[in-house]
1. Taking only protein heavy atoms and a 1.4 Å probe, what accessible area per residue, in Å², does the range 160-305 have with all protein chains in place?
2. Would you calculate the separation in nanometres between label points at I195 and A321, each defined as 7 Å from the Cα along the Cα-to-beta-carbon direction?
3. To the nearest 10 square angstrom, how much accessible area does Y182 have with a 1.4 angstrom probe?
4. How much length is gained on full extension from K224 to N138, taking 0.36 nm per residue of separation minus their Cα-Cα distance?
5. Sorted by accessible area (1.4 Å probe), largest first, how do T190, T223 line up?
6. Kindly report, to the nearest 10 Å², the accessible surface of D104 as traced by a 1.4 Å probe over protein heavy atoms only.
7. May I ask you to list the GluC sites (Glu not before Pro) in the range 46-115 that are in a DSSP loop and have at most 15 other Cβ atoms within 10 Å of their Cβ?
8. Of all the C-alpha pairs in the range 25-105, what % are more than 21 Å from each other?
Amino acid sequence: MSKLGDLGARLYRGDVGYDFVGKRFLWYGVSILITITAVVALAVQGLNMGIEFKGGAVFTTPKTAVSVAKVTEDAKKASGHEAIVQALGTGGMRIQISGLGTDDAAGVKKQLATDLKVDANQINADLVGPSWGEQIANKAWTGLGIFMVLVVLYLAIAFEWRMAVAALVALIHDLTITVGVYALVGFEVTPGTVIGLLTILGYSLYDTVVVFDGLKEGSKDITKQTRYTFGEIANRSINGTLVRSINTTVVALLPVGALLFIGGGFLGAGMLNDISLSLFVGLAAGAYSSIFIATPLVVDLKEREPAMKALRKRVLAKRAAAAAKGESPDDGYDAEDGPQVVAQGQGPGRRRR
């Protein structure tokens, strides 16, 4: 068995573990700091909306020997707007100019033909109106709202409302961070970005539900025992799925990272950046929030219940009494090593042997 596989088995059995829940206020602080940074970046720098949202024109030229830098300069002078120029495999150029009106496009096309020394009829011009982008944005917001409502309803029915609230907070956390990164790096926001954002919500939710399912199973009849508090069972659920979360996240990040850093960065295929950045940041943030935000937040909400408060008092009183006698409770708690892990599918009242 590999070292990672062995670690996963030991985490599952409870031989080793990390106190994620006990250090939850540290994670909350880190998340709040990151979120504030993202919100400030969004407020100060804003998003670099693509041509699909602002409107403009895209010119495709035939093969030319002029450099990308020279074409960028010429396009800016001809239009009076910032231009994004990409070299095509055919040897031509793709010139994207946002905010360019329909009436001005013909003049810009003619000037570009003169600067590039090509026939104006050989330059293809595609005009995009801002109303089209507005429709996309409105539909995206509508889809996002429907998705959030369905998620909350599903989790409230399948689990409980506290888990639904925690999952919703984690999703908003992931979205905020991803959008904030776009504001910081200045990458264009395109329909591909919107697709990427909606995609990461499903991934983030999947990771969260896996942990919640283990927590639901482990907390059955929890008030009938005095071995664990709710927070300890939640911590065991996180540790039990930790290696699985790491594996799935790494496997998902590898191809996305290749698109972002190799395709978009090294090879210069900038059009890949709009979707790959949202996927890369969102996948990482989703894995983080499932472990460090969603489940600890459920613990905070759940342990406010009178029944969970009473359980915690009974568990701590029993441990204190056992420690005073120099003994460990005979139902599975070890004063030095912490609670022994219950097998998946077993109730808290039965100890795994």
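The values are calculated or read from the model by the stated rules, or taken from the named source; none is laboratory data. Since we're looking at a predicted model, the values are computed, not measured. Ideal geometry is used to build each Cβ from the backbone, glycine not excepted, and the neighbour counts take in all protein chains shown. Side chains are part of the model used for accessible areas, which takes the heavy atoms of the whole protein and leaves out ligands, DNA and RNA. Shrake-Rupley method; radii C 1.70, N 1.55, O 1.52, S 1.80 Å.
1. Accessible surface, normalised per residue, equals 37 Å².
2. The modelled label-to-label distance comes out at 6.3 nm.
3. Approximately 10 Å² for this residue.
4. Value of the extension gain: 25.9 nm.
5. Accessible-area ranking of T190, T223, largest first: T223, T190.
6. My reading of the accessible area for D104 is about 90 Å².
7. E82
8. Pairs farther apart than 21 Å: 48 percent.
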